[in-house]
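Q: One structure, as structure tokens, below. Some questions next.
The values are calculated or read from the model by the stated rules, or taken from the named source; none is laboratory data. Everything numeric here is computed off the predicted structure, so don't read it as measured data. Here the Cβ positions follow ideal geometry from the backbone for every residue, glycine too, while neighbour counts run over all protein chains shown. What goes into the accessible areas is simple: the full protein's heavy atoms, side chains included, and nothing from ligands, DNA or RNA. Shrake-Rupley method; radii C 1.70, N 1.55, O 1.52, S 1.80 Å.
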Amino acid sequence: MPMEWIMGLVGGVLIGTAAAIFLLVNGRVMGASGIIGGLVDGSGRSDWFERVALIAGLIIVPGIAAWAVGGSQTYLTSNWAVIIVAGLLVGIGTRLANGCTSGHGVCGISRLSLRGIIATAFYIGAGGLTVVLFKHILGVI
Amino acid sequence: MRSLVSFIVGALFGLGLLISGMTQTTRVQGWLDVFGDWDPTLAFVMGGAIIPMAIAWQFTRGRKPVLAASFPAPPEPRVGRNLVIGSTLFGVGWGLAGLCPGPAMASLTFGGAGGWLFVGAMFAGMLAAPPIRARLDQQLVPV
């Protein structure tokens, strides 16, 4: 089995363990878009400190880990127009759908939520078509 | 105490994203690129994450969270238009950049200016979502 797959599995178990702790201890669903979005639009004002604490861990700790191993890269496109359009779509879409890869994907599918399964089918389908169109046909990304 | 737990949860989440390669946009786009050089790593990440979480959901039955009054309500059965439209828009953005909200935050310290630009645009999109939702609910025929 290629090393990337093993690392994927190990990292995935860590993500799932994080979500499991958040559920069993704090009684909450670990959805990144919901936690961030509630701070951005003010709907999560009542528990803002917990949201900030989670996001702080999410930013700082991988930052330290990446620094400790000599740096990491995202290989994000340098095309700013693509970045802006993509960011807007991710922001609007995840809030309209009430969830993203972590909320609908990890937390939804694991409880066999129909909404989570359908959301995941649509964002993977749309993402696949987007890569085909913009990479192979238009050559933009 | 709940905030300390939240910090640890964020830390594990971020480490998992980094280790699994999900902060690398090329890996995510590689998973979506079924007609190119397909990269199945994301399936291992999803599978690995779903296993502990599925066990955790089983564990919630008849119990209470350690530091909260109750567990989240059961998922709403109605699928609805916003779920489908929203997930489709999200998928297009995810495919274009190879970033979703978790990895976008987790890579802020090493992702350069582009990473900050993406997060800025994502915040703008999140602010735009409630009025768009209100308009969708108002103008289109209910399904």
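Q: Where residues in region A:25-34 are in a helix (DSSP H, G or I) and under 15 Å from A:GLY93 (Cα atoms), which of them is most open to solvent (accessible area, probe 1.4 Å)?
A: Among those residues, the one meeting the criterion is A:GLY34.
Q: Next question, about the same structure. Could you tell me whether any residue of region A:113-120 is among the hydroxyl-bearing types (Ser, Thr, Tyr) and touching a residue at least 60 places away in the same chain (Cβ under 8 Å)?
A: Taking every residue of region A:113-120 in turn, none turns out to be among the hydroxyl-bearing types (Ser, Thr, Tyr) and touching a residue at least 60 places away in the same chain (Cβ under 8 Å).
Q: Also, I was wondering about something else. Could we say that B:THR41 is open to solvent by less than 10 Å² (accessible area, probe 1.4 Å), under 27 Å from A:LEU114 (Cα atoms) and of a type in the set (S, T, N, Q) here?
A: So B:THR41 passes the test.
Q: Tell me, yes or no, whether region A:3-16 has at least one residue that is open to solvent by 50 Å² or more (accessible area, probe 1.4 Å), touching a Ser or Thr at 6+ places or on another chain (Cβ under 8 Å) and of a type outside the set (A, V, I, L, M, F, W, C).
A: yes
Q: While we're looking at this one, here's another question. Given B:TRP31, B:TRP57, which one is of a type in the set (Phe, Trp, Tyr), touching an Asp or Glu at 6+ places or on another chain (Cβ under 6 Å) and either farther than 24 Å from B:PHE118 by Cβ or in a helix (DSSP H, G or I) (or both)?
A: Going through B:TRP31, B:TRP57 in turn, just one is of a type in the set (Phe, Trp, Tyr), touching an Asp or Glu at 6+ places or on another chain (Cβ under 6 Å) and either farther than 24 Å from B:PHE118 by Cβ or in a helix (DSSP H, G or I) (or both): B:TRP31.
Q: Of A:TRP80, A:TRP48, which residue is more than 8 Å from chain B (Cβ to nearest Cβ), farther than 17 Å from B:GLY102 by Cβ and touching a Leu at 6+ places or on another chain (Cβ under 8 Å)?
A: Exactly one of A:TRP80, A:TRP48 is more than 8 Å from chain B (Cβ to nearest Cβ), farther than 17 Å from B:GLY102 by Cβ and touching a Leu at 6+ places or on another chain (Cβ under 8 Å), namely A:TRP48.
Q: Separate question: Just give me the residues in region A:99-123 being polar (S, T, N, Q) and within 7 Å of chain B (Cβ to nearest Cβ), in sequence order.
A: A:THR101, A:SER102, A:SER110, A:SER113
Q: Looking at the structure I just gave you, is A:TRP48 within 14 Å of B:ALA121 (Cα to Cα) and aromatic (Phe, Trp, Tyr)?
A: When the stated conditions are applied, A:TRP48 does not pass them.
Q: Now for a different question. A:ILE141 - would you say it is crowded, with 19+ Cβ neighbours inside 10 Å, out of contact with any Pro (no Cβ under 8 Å at 6 or more places or on another chain) and under 25 Å from B:VAL84 (Cβ atoms)?
A: yes
Q: Also, I was wondering about something else. Can you tell which of A:PHE49, A:PHE22 is crowded, with 17+ Cβ neighbours inside 10 Å, touching a Ser or Thr at 6+ places or on another chain (Cβ under 9 Å) and among the aromatic types (Phe, Trp, Tyr)?
A: A:PHE22
Q: Any residue in region B:97-125 that's more than 7 Å from chain A (Cβ to nearest Cβ) and open to solvent by 10 Å² or more (accessible area, probe 1.4 Å): show its pairings with residues that are polar (S, T, N, Q) and assigned to a loop (DSSP other than H, G, I, E, B) at Cβ separation under 8 Å, as long as the two are six or more apart or on different chains.
A: B:GLY112/A:THR74
Q: Next up: I'd like to check something: does region A:77-99 contain any residue that is open to solvent by 10 Å² or more (accessible area, probe 1.4 Å) and within 23 Å of B:PHE7 (Cβ to Cβ)?
A: For region A:77-99, residues open to solvent by 10 Å² or more (accessible area, probe 1.4 Å) and within 23 Å of B:PHE7 (Cβ to Cβ): absent.
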